[in-house]
1. Taking N as the number of residues in region 53-100, what value does Rg over Cα atoms divided by 2.2 N^0.38 Å take?
2. Student exercise: in the chain, how many lysine pairs 8 or more apart or on different chains have Cα atoms under 30 Å apart?
3. What do you get for the angle between helix 6-18 and the principal long axis of the chain? Use alpha-carbon atoms, 0 to 90 degrees, nearest ten.
4. Among [x] 338; [y] 182; [z] 216, only one was calculated for this model; which label is it, if the read-out is volume of the Cα convex hull per residue in Å³?
5. Using helices alone, what [θ] at 222 nm do you get for the chain, with -39,500 (n - 2.57) per DSSP H run of 4 or more residues, divided over all residues and rounded to the nearest 500?
Amino acid sequence: MDHPLIDLITAKIRLAEAEGQFDNLPGAGKPLPPCDDPENAVLHRILKENGGVPEIVSLSRELSRLREALRETSDRTDRKRILQDMSLTEARIEIARKRG
């Protein structure tokens, strides 16, 4: 079943085409860049343009942040919580690697 707004979206695109709003866009007439993963190319481009990173990268950054916090605190309760968070983050990194 089509999305309820598909007819409106299609009409807006056709109007924009007729008005020439898609003429002379950056990269027009140039070949698309090579792509290793064509099925997910748009997703990867959107993530890259918006500062998104793969899960393993964000988890690794979080682990680094936790290690720094551990170095900076001497409070036993905080250290225990940080060590638990580190353990959980390391497990999530391992899971992400296996999916990967």
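Derivation of every value follows stated rules applied to the coordinates shown; laboratory data play no part. In this text, all values refer to a predicted model and were calculated from it rather than measured experimentally.
1. Normalised by 2.2 N^0.38 Å, the Cα Rg of region 53-100 equals 1.22.
2. So the count works out to 5.
3. In the chain, helix 6-18 runs at an angle near 60 degrees to the longest axis.
4. [z]
5. Rounded to the nearest 500, it is -21000 deg cm²/dmol.
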